[in-house]
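In what follows, a single structure is set out as C-alpha cells and then discussed.
Values in this text are rule-based calculations from the coordinates and carry no lab data. These numbers come from a predicted model, not from an experiment. Note that each Cβ is placed from the backbone with ideal geometry, even for glycine, and that neighbours are counted across all protein chains shown.
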C-alpha cells in the first residue's frame with residue numbers, strides 16, 4: 001500500500017524558546033518570540049466567516065506551543081507530528097516528565113468524521129478533545145487551568161491572537177480548547193490516488209492496488225468495520241478484534257464499566273495509514289505487513 005498524503009499544508013512558523021524548569025517567570029515569558037507569515041493561512045473555504053481562519057491560526061499556535069505543558073517541555077505537536085499523518089512513530093509517546101503515555105497516539109486528521117474520540121471513546125466533543133491530554137498527569141501535567149491561562153497571558157503574542165479570534169484578549173480554558181478544536185478540524189485528507197479512482201479515474205491505481213482493494217472489501221471483509229462516511233475509513237465504533245486472551249488494558253470497558261466492552265477499542269481511520277506506524281492501541285505492530 002502506498003502513502004495517502006494529506007493535502008493540508010501548514011504555512012505558519014512558530015519560534016518558541018522555552019525552559020524545562022517547573023516554573024517560568026513572567027520576565028522569561030516576555031522574551032519568547034513568535035514569527036507568523038504576513039498573510040494568514042486559509043484553513044477554511046471562503047464560505048466560512050473569516051474569523052474561523054483567525055481562530056484556526058490561534059489554534060495552530062497553541063498546538064505547537066510547549067507552554068501548554070506544566071514545565072514547557074512538550075506541545076500537542078510533540079505527539080501528533082504532521083510528517084507522520086499527525087500520529088507518532090513510537091508505540092507510546094513521551095510525556096512532559098519523559099514517562100511513556102498509556103496508549104499509542106491516534107492520528108488526528110478528519111476528526112469531524114470520527115464520532116467518539118480517543119481509543120476508548122471517553123470524549124465525543126471536539127472542543128473538549130485537547131483538554132484531556134493537557135490535564136493528564138503523564139502527558140502535559142496541567143492541574144490548574146487558571147494558572148495556564150495566566151501563563152499564556154504573559155506571553156507577548158497571545159494578546160493579539162486571542163483578540164483576533166474572539167474579539168477581546170481574555171484567555172480561558174474554553175477558548176484554548178475551542179481554538180485548538182477549530183485548528184484540528186481543519187486537518188483533513190483528500191485527493192489521494194484512491195479518491196481519484198473513486199471519482200472515476202480508473203487508471204490511477206495499479207493492478208496490485210486494485211486487487212488489494214478487492215480483498216479488503218470482499219474476501220477479508222475489512223470494509224465491514226472500516227466503512228465510515230466521507231471516505232473516513234473508520235466508523236467511530238468499538239471492537240475487540242481478539243488481540244489478547246486477557247486484557248492488560250480494558251479499553252472501552254474502562255469507560256463504560258461494562259464487562260462486554262473490555263478489550264474493545266475504537267476502529268481507527270485508515271487515512272494516511274502508511275505514515276502512522278506503529279499500529280494498534282499499544283503500537284504492537286511495527287509495519288503494515290505485521
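Remarks
- Mean sequence separation of contacting Cα pairs (under 8 Å, at least six apart), scaled by the length of the stretch 79-132, corresponds to a relative contact order of 25 percent.
- With the highest mean first, a sort of the peptides 202-210, 72-80 on other beta-carbon atoms found within 10 angstrom per residue produces 72-80, 202-210.
- Residue 203-residue 254 pseudo-label distance in nm [points 7 Å out on the Cα-to-Cβ vector]: 5.1
- Report summary: the helix-based calculation at 222 nm, which adds -39500 (n - 2.57) for every DSSP H run with n ≥ 4 and divides by the residues of the chain, gives -7500 deg cm²/dmol.
- Length-normalised contact order for the stretch 188-290 - Cα pairs under 8 Å, 6+ apart - percent: 18
- Between helix 207-217 and the chain there is an angle of about 90 degrees, using the helix long axis and the longest principal axis of the Cα atoms.
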